[in-house]
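Novice: One structure follows; several queries about it will come next.
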Amino acid sequence: MPRTSKTSTDPVLSELRKELAFKIARHAQSLGENPTAVPGLALYRRTEPTACYRATYEPSLTVFAQGRKRINLGGNEYLCDGSSFLLSSIDVPVESQIVEASEQIPMLSMFLRLDMPTLREVLSREDVPEPEASIECRGLAVGETTAGLLGACARLIELLETPEDIPFLSHLIQREIAYRILRTPQAERLRAIATRGDLSHRTARAIAWLRANYAKPLHMEELATIARMGVSTLHHQFRALTTMSPLQYQKQLRLQSARQRMLMDGIDATSAAYEVGYESVSQFNREYSRFFGQPPMRDIRALRDGKAVAINAA
């Protein structure tokens, strides 16, 4: 099971983690997501464990300051705690569960959407070290936070206290955060996805196309052309990164989108099925029940009654 090492007893790291937790708590007064004025940055507060729920991670960095969360990607389990960061290098659907959080010690984390132009700018420098090759090629990676990464994250949050500094300084601090990630053992994943021509980067192009066009019929030859690789190579790379085939990935996108449309916009299951690309409503109902554990309208009622975790819980 991929997971981080035990929380470090280094007193410097311990103080830096406490400082980051304090800063997140100060600016994340509400439960759930707290958007900020810094582009791509959101802060999260959770005060109780949750049932397992489905979510989609976009290319991003999540740094945990308190609490504990379990994430499952195709049978690979990742445990994140107050000493961890989670790196998602592609858009990938996962199962997620908060396992430690309370009113007294809430789960606190910061989410930063990765800016690929900034990342490529950092990678273009000759003094950025080459990462060691890794056999782990999943779209998620979990690592242990370093003093440099914790300090940069704390300074990014500090900008919320001086909004006039955000336009100039946020880009500089995010460049440092990218550099700090590239100094960790998880750098290989990030470098691969950001390097044009790399197979992971080409696969990410196919993933991005699927996310934008999930309601359209899927033709593997066309998708392979978009990714600029052969069909069999795309299948292999796609499954290596996401643990599923392109067709399975499309199906999850369709079902999650249908669920959101029914919950947020109040449309019925038949309309949702056709909107996301299904030609057969009965097939939609079968696949929805297998994926979410119950038929569409019963699932939506449970969500509205507060018996299930909201779709966009993080």
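Novice: Given region 1-97, report the % of alpha carbon pairs whose separation exceeds 22 Å.
Specialist: Result: 31 percent of Cα pairs exceed 22 Å.
Novice: Most fluctuating residue of Ser170, Ser84, Ser96 in a GNM of the chain with Cα springs under 10 Å: which is it?
Specialist: Ser170
Novice: Counting only trypsin sites (Lys or Arg not before Pro) that are in a DSSP loop and have at most 10 other C-beta atoms within 10 Å, tell me the longest site-free stretch of the chain.
Specialist: That gives 7-124 as the longest site-free run.
Novice: Straight-line reach from Lys216: which aspartates and glutamates fall under 16 Å, measuring Cα to Cα and dropping same-chain residues less than 8 apart?
Specialist: Glu275, Glu279
Novice: Roll a 1.4 angstrom probe over the protein heavy atoms and tell me the percent of accessible area of the chain that is carbon or sulfur.
Specialist: The C+S portion of the solvent-accessible surface of the chain is 50 percent.
Novice: A further question follows. Which order do His236, His171 take when ranked by solvent-accessible area (1.4 Å probe, heavy atoms of all protein chains), largest first? List each step's numbers first, then the result.
Specialist: Numbers: His236 125, His171 75 Å².
In descending accessible area the options line up as His236, His171.
Novice: Please give the charge dipole size of the chain, origin at the Cα centre, charges +1 on K and R Cβ atoms and -1 on D and E Cβ atoms. Round to the nearest 20 debye. Display every interim value, and only then the final one.
Specialist: Details: 39 positive and 36 negative charges, 150 e Å.
It works out to roughly 720 debye.
Novice: Taking only protein heavy atoms and a 1.4 Å probe, what accessible area per residue, in Å², does the chain have with all protein chains in place?
Specialist: 48
Novice: Can you pull the three principal axis extents for the Cα set of the chain, in Å, largest first?
Specialist: For the chain, the Cα extents along the three principal axes come out at 58, 47, 40 Å.
Novice: Any aspartates and glutamates with Cα under 18 Å of the Lys18 Cα? List them, leaving off those in the same chain fewer than 8 positions away.
Specialist: Of all the aspartates and glutamates, those that pass the test against Lys18 - Cα under 18 Å, at least 8 places apart if same chain - are Asp10, Asp81, Glu100, Glu103, Glu144, Glu158.
Novice: Count the net charge of all other residues whose Cβ sits under 13 Å from the Cβ of Ala152, scoring Lys and Arg as +1 and Asp and Glu as -1. Write down the numbers at each step before the final one.
Specialist: Values: positive: Lys23, Arg155, Arg175, Arg180, Arg183; negative: Glu19, Glu158, Glu176.
The answer is +2.
The values are calculated or read from the model by the stated rules, or taken from the named source; none is laboratory data. Note that the structure is predicted; figures quoted are calculated from it, not measured. Neighbour counts are summed over all protein chains in view; Cβ atoms, including those assigned to glycine, are modelled from backbone coordinates with ideal geometry. To get the accessible areas, we keep the full protein, side chains included, count just its heavy atoms, and leave off ligands, DNA and RNA. Shrake-Rupley method; radii C 1.70, N 1.55, O 1.52, S 1.80 Å.
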